[in-house]
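Below: the structure, in structure tokens.
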Amino acid sequence: MEITIKSWGVSKKNEKILMYTLKNKFMEIEIINYGGVLRRISTPNKEGILENVVLNLPSIKDYEERSPYFGSLIGRNAGRISNGTFSLNGETYTLAKNNGNNNLHGGIDNFGHKVWNVEEIKGEDFIGLKLSLESPHMEEGFPGNVKVEVKYILKGNELSLEYYGTSDRPTYLNLTNHTYFNLSGDFKRDITDEYLQLDCDEFIAVDEATLPVEIKSVTNTAFDFRNSTLLKDFLYSDDEQIKIVNQGLDHPFILRHSRENVISLEDKISGRTLEVVTNQPAVVIYTGNYLHEIGKLNEEIECKKHMGICFETQNYADALRFLPDKAFITTPDSPYIQKTKFIFNIK
Ligand code: G6D
């Protein structure tokens, strides 16, 4: 197990960008201090060949100018807050609007655009990084002086993300990571050949602005992934909710938590599988329905629609408006905690 660090240029604000590579016997990952971006995860295919299973871009300039949150840590809020406003304890807060009339992924100067502090962590059977940042009271309109820590921990074939946040006054914190997985290896194919299985009896239907409108049973809908489903069959099936988000998934699913592994993705061609385990109540699954707009991933490969799939584990979408009783409020006495594990295997 080893951690190596190299310089990865400078940001537009002249901040030093560092790339951390963590390696063990099974896999390798790369993290940059800009946005806490998880830039590469290389895992073996069934022939034992290590290849990258997450979408990435070649330089820091690309991340600053054209990344649709590739691998970024997202805060202070994952997803949309409708009308860019919320009320808490009788106060109304006006947030930065960066998605029509809504606040998306925390606003303009969100956590995905910040340079995080990074410390190395080492244990007997794991290595990791502890990323931290402070977000001042009223940043992007959110109340509270907030301190956030995210640990990336690599142990065998598992990558864990442990989030911890505190605030000096009540606020809304809802963090996630926006990695786009593609198990084919080095982006050989899009995700339409991959199989998805979810322990979810319910999903949340959305409107034209991708805001949540109704909790629905998955039974007798295209959104029933309780049995493993080939993504191609879902993505091109005829359903209003698929079309409303530009042909795909961009929907919250409510996690059942009846067994340990609540989300699984499988690529039968490479033999790779991914399982996601989380303590969060929901996951927004996004199938990269606009990825054809971002240009090239590297010198040879043009990014296509459905090139990656995100599992954004989080609180219920737009919870302060849509499900206020379930919105988790961070207070000085009750910190924000999320634990999510990504487990890689070969079948
Ligand atoms: C998120 O849910 C959103 C999408 O609508 C958005 O386009 C993407 O991030 C960039 O997953």
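The values are calculated or read from the model by the stated rules, or taken from the named source; none is laboratory data. What you see is a predicted model; the values in this text were computed from it and never measured. Positions of Cβ are backbone-derived with ideal geometry, glycine not excepted, and every protein chain shown enters the neighbour counts. Quick note on the areas: whole protein, heavy atoms, side chains included, nothing else; ligands and nucleic acids left out. Shrake-Rupley method; radii C 1.70, N 1.55, O 1.52, S 1.80 Å.
Structure notes:
- Take the Cα of residue 147, step 7 Å toward its Cβ, do the same at residue 109, and the gap between the two points is 2.1 nm.
- Test item: Cα-centred dipole of region 168-304, Lys/Arg +1 and Asp/Glu -1 on Cβ, debye: 280
- The spacing between region 1-38 and region 73-136, judged by their C-alpha centroids, is 20 Å.
- Cross-link pairs exceeding 26 Å between alpha carbons, from the set 16/151; 296/347; 61/130; 61/339; 97/147; 16/305: 296/347; 61/339; 16/305.
- Between residue 215 and residue 298, the C-beta separation translates, for a Förster distance of 41 Å, into a calculated FRET efficiency of about 0.50.
- Each of 35, 11, 108 was placed along the dipole of region 1-120 (beta-carbon charges, centred on the mean Cα), and the one lying farthest toward the positive end is 108.
- Sparse packing (at most 15 other Cβ atoms within 10 Å of the Cβ) combined with a DSSP loop state is found for none of the chymotrypsin sites (Phe, Trp or Tyr not before Pro) in region 61-170.
- Within the straight-line cut-off of under 20 Å between alpha carbons, the aspartates and glutamates reachable from residue 122 are 2, 28, 30, 149, 158, 162, sequence neighbours fewer than 8 places apart in one chain being disregarded.
- Å² of accessible area per residue within region 80-131, as computed with a 1.4 Å probe and no ligands counted: 48
- Length released on extending from residue 64 to residue 345, taking residue separation times 0.36 nm less the Cα-Cα span: 97.9 nm
- When you filter the GluC sites (Glu not before Pro) in region 201-251 for DSSP loop state and at most 16 other Cβ atoms inside 10 Å of their Cβ, you are left with 208.
- Carbon/sulfur fraction of accessible area - region 19-144, other protein chains in place, 1.4 Å, %: 45
- Accessible area per residue in Å² at 1.4 Å probe, computed on region 231-347: 42
- Shape box of region 122-228 [Cα atoms, principal axes, largest first, Å]: 46, 41, 25
- Cα gyration tensor category, rounded, prolate or oblate, for the chain with a/c compared to 1.5: rounded
- Under the convention that each Lys and Arg Cβ holds +1 and each Asp and Glu Cβ holds -1, the size of the dipole of the chain around its Cα centre is about 580 debye.
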